[in-house]
Structures are given as C-alpha cells and as structure tokens.
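Input: a single structure, listed below in structure tokens.
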Amino acid sequence: MTVAFGGHRALDGVGLTAEPGRVTGLIGPNGAGKSTLFDVVSGLRRPSAGRVLLDGRDVTRLGPARRARCGLARTFQRLELFGRLSVRDNLRVAAELGPERRRADRVVAELLDRLGLAPIADAHADTLPTGVARLVEVGRALAARPTLLLLDEPAAGQDGEETERFAALLRSLAGDGVAVVLVEHDMGLVMSVCDQVHVLNLGKIISSGPPEVVRGDETVLAAYLGDA
Ligand SMILES: Nc1ncnc2c1ncn2[C@@H]1O[C@H](COP(=O)(O)OP(=O)(O)OP(=O)(O)O)[C@@H](O)[C@H]1O
C-alpha cells in the first residue's frame, strides 16, 4: 500500500502479511508510518494505491465498521476508551456489538478474568493508570472476537511485571489462532513475543524476518540512529 500526504509518502509500496496463530511485529522510528498502516488496514484511511485483503477478501473499499464485522479489531496509540464508563462497561459495549452479543455477559466476565481486570471492573476508565487503561482497550478489542488484531503501542505505560503478563497474553491469543500485529517501541517485548518482525523506515520496509535476524541487521540499527 501507498499513502501520500501531498508530496510526502507516509507509506511507499509497503506489503506485509499477518498469519493466523502468529504475532507479527511492526517496528520503526517515530514517523516511520506504522500508525498510518494501521489506519489503512482498519479502514480509517484510504490508500493512494494498494489493497487490503482479509482472509483473502478484498476489503479496501469497506469502511471500518464493515471490516470490524469481518473480524478485524484494533487499539489506538492515543487511548480511545469511554472515560466515564467502568472497565466492565467498556468491555460490554464492544461485546454487545460483537458476534457473541447474545452472551455478552459471559464474554465480559471471561475477559475480565483473562486480562486480570476483575478486581477493578467497577473503576471508571479515566481513573486508570495508562498501562492498565491500555489493557482495557485490548480487552475491548478482544470482546469483538477478532481474527485479526492490530495493537498500536499496547505496552506503553506498563511496568516490567505488567509487560511480562502482557507478553504471555499475546502468545496465548496467537495460540487461539488470532493473527496479532504488534506496533511497539518496547524492543524487549517485540523480540520476545514476535514470530516475524517488519521494520518500517520513512514509509518503506527495510528489513523483515524472525526477531534474531532483524535484531542483527545493520540497516535497522542505522535507521534507529537516524542514519538510513
Ligand atoms: N494526517 C496527516 N497529514 C500529513 N502527514 C501525516 C498525517 N498523518 C501522518 N503524517 C505523516 O506521515 C508519516 C508517518 O506517520 P505515522 O504516524 O504513521 O508514523 P508512526 O510510525 O506511527 O510514528 P510514531 O511511532 O511516532 O507513532 C509522518 O511523517 C507523519 O508526519
């Protein structure tokens, strides 16, 4: 896909595949184009060129709501929770719109438990520390029972212990068959949970491969040091 803002190409012929049962990492310096790519995949932005396929179906012309019904869910770098609602109700809103709306109560209870949020189920979202609020946003995405889950910096604001629990959650989601795409600046998390990592720089993929290969790629190091 390609996205042009005037003469500037935020994405320039970028292609990647997210496989079911795999965690796919998307990393790159600030401004590389990661969030723009999520916007194109989730339908918030039309690409200037290119296509988005979901389970082989071309969804490029579908809006975000239709794509959500096809099994796509995402979180946002800037939190988009309903601040005046409780943690439970944030999850419930999504569960009641999802494919299991008839058993929304059970979906919410299961997610509160799986994400360790049960003790704070009644807290208002706008009272939560950022790291916990991000987890609620992940929970809200999961309430839609996605087959493709896009996570935009979900671990920002989490402490070490929270990040470790979060890594286990990501692996267990992949174990359930979800295709997870992770945009994240925490390299420890990316390298420990991803099966495949793509590195974006200035709108182009400059390296792809398993974490251990990408980590040793000199082009990647140079891009992060502002040299590529
Ligand atoms: N609406 C817009 N209009 C013009 N330029 C934009 C717009 N949105 C993003 N850009 C530009 O596109 C490029 C990619 O931005 P994007 O937010 O996708 O990067 P990113 O990799 O997600 O960065 P970060 O890690 O800082 O979140 C940047 O140069 C940014 O300034």
Considering only the range 1-16, state which residues are surrounded by 12 or more Cβ atoms within 10 Å (Cβ to Cβ) and closer than 22 Å to PRO210 by Cα.
-> GLY13, VAL14, LEU16
Of everything in the range 32-58 that's part of a helix (DSSP H, G or I) and in contact with a Lys or Arg (Cβ under 9 Å, 6 or more places away or on another chain), which residue is nearest to the ligand (Cβ to nearest atom)?
-> THR36
Restricting the search to the range 3-17, which residues are touching a helix residue (DSSP H, G or I) at 6+ places or on another chain (Cβ under 9 Å) and under 30 Å from SER172 (Cβ atoms)?
-> VAL14, LEU16
Might you check whether a residue that is under 21 Å from PRO154 (Cα atoms), in contact with a Leu (Cβ under 9 Å, 6 or more places away or on another chain), in a helix (DSSP H, G or I) and free of Cβ contacts under 8 Å to residues at least 24 places away in the same chain occurs anywhere in the range 68-76?
-> no
Filter the range 3-30 for residues that are assigned to a strand (DSSP E or B) and of a type in the set (Ser, Thr, Tyr) and give the result.
-> THR24
Would you tally the residues in the range 77-99 being farther than 20 Å from GLY177 by Cβ, without any contact (Cβ under 8 Å) to a residue 60 or more places away in the chain and assigned to a loop (DSSP other than H, G, I, E, B)?
-> 8
Kindly indicate the residue of the range 16-31 that is at pLDDT 95 or above and among the small types (Gly, Ala, Ser) and also nearest to the ligand (Cβ to nearest atom) among those meeting that condition.
-> GLY25
Listing of strands (runs of 3 or more DSSP E) fully contained in the range 120-228 that carry 2 or more residues being away from the ligand (no atom under 15 Å from the Cβ) = 148-152, 179-183, 204-209
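The values are calculated or read from the model by the stated rules, or taken from the named source; none is laboratory data. Just so we're clear, the structure is a prediction, and the values are computed from it rather than from any experiment. Methodologically, a virtual Cβ is constructed for each residue, glycine included, from the backbone with ideal geometry; neighbour enumeration extends over all protein chains shown.
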